[in-house]
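Take a look at the structure set out below.
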Amino acid sequence: MGEKRRKLFKEKAVREIIRYVMNRIKLTLDQIKACELAILDNVSTFCKKNNIRYYLCGGTLLGAIRHKGFIPWDDDIDICMPRPDYECFIKLYSNENANYTVISNRLGTLSAPFTKVVDISTEVHNKYDTSDRTEHLWIDIFPVDGLPEDLNKVKTIYDKCDIYRHILLLSDSILGEGTSTFRKYMKYILKPLANLYGKQRCINNIERIAMSYEYGSTPYIGGITNGLYGVGERMKLSEYEVPILVEFEQRQFPTFSCWKQYLTNLYGKYMDLPPKNKRKTHDMVVYRKVD
């Protein structure tokens, strides 16, 4: 009887594996971009209906200006929102597409100091990351907070957040994987230390630092929680709040009026293409569930 049960259990497991494999398709880079663009369209429509301000930023803005769409080798979408609009969006977001949902540390559903809208009908496999940040295809939504006038204080803010971001990334890294032999072996030393410090502690510290200057209380603002470019992220509030439309994939989306200075601060000669060895996508494989 025991042998019969084991055989039935094994046959059932095999059927489940076959059903799982057959009920999904692997997406091409173009299909990944189409899925992400559909999320952006949905978010844009929702924001317009609810008077929530948002702007293209980061590589997505660079793509809009240089390519009028996605950077050809890029595969993500970034937008930002003033902190008050950001908090409002998280509380209000809903839509008729049951596949889309918002995940955020503010809701206790994302281990990151920012927010994502994800397509839960997709499944992402990332070689270097095991976090909940890359389970499904997404668009990133970053809050924009106030910054002081003193550049030394601005630098201190970004430097502190950068330390916590590195600890957070180490916590989610996969042992034995890395872009170099040195990185692979250093993870065995650094990841346990990062886990000991704690992911949630890092996220809380980043958000606390980012909100130390209330949005609108100073003449300057910037993306801090994911501010990879440090003081270059800082913009004048008066210029940031003036929206202009830019073309992205044959659509019109808003960005801030100071986009030229912003892109120069982040990328230097932003209209020049980077060397071929720098043209990298996320190292991930994406599947879509099918009925």
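The values are calculated or read from the model by the stated rules, or taken from the named source; none is laboratory data. Quick caveat: nothing in here was measured; it's all calculated off a predicted structure. Neighbour counts run over all protein chains shown; Cβ positions are idealised from the backbone, glycine included. The protein model used for the area step is the full one, side chains on, heavy atoms only, and it has no ligands, DNA or RNA in it. Shrake-Rupley method; radii C 1.70, N 1.55, O 1.52, S 1.80 Å.
Packing order of peptides 209-217, 194-202, 270-278, highest average first: 209-217, 194-202, 270-278 (average count of other Cβ atoms within 10 Å over each peptide's residues). Taking the C-alpha atoms only, the angle from helix 2-22 to the longest principal axis of the chain is near 40 degrees.
Accessible area per residue for the chain is 54 Å², calculated with a 1.4 Å probe on protein heavy atoms, without ligands, DNA or RNA.
Site pair residue 181 and residue 250 shows an inter-label distance of 5.0 nm when each label is modelled 7 Å from Cα along Cα→Cβ. For the chain, which whole-number percentage of the solvent-accessible area (1.4 Å probe, protein heavy atoms only) is attributable to carbon and sulfur atoms? The computed percentage sits at 55. Here the sum of -39500 (n - 2.57) over DSSP H runs of 4 or more residues, divided by the residues of the chain, equals -14000 deg cm²/dmol at 222 nm, to the nearest 500. In this simple spin-label approximation, residue 150 and residue 66 carry label points 7 Å from Cα along the Cα→Cβ vector, and these lie 3.6 nm apart. Taking every alpha-carbon pair under 8 Å whose residues sit at least 6 apart, the chain reaches a relative contact order of 24 percent.
With 18 Å as the limit, write out which pairs from 155/236; 91/199; 26/184; 33/280; 33/116 have Cα-Cα distances beyond it, or answer none. Cα-Cα > 18 Å for 91/199; 26/184; rest within.
Counting only cysteine Cβ atoms and a cutoff under 4.7 Å, the chain contains unmatched residues 35, 47, 88, 161, 202, 258.
Between 0 and 90 degrees, the angle of helix 151-172 with respect to the longest Cα principal axis of the chain falls at about 0 degrees.
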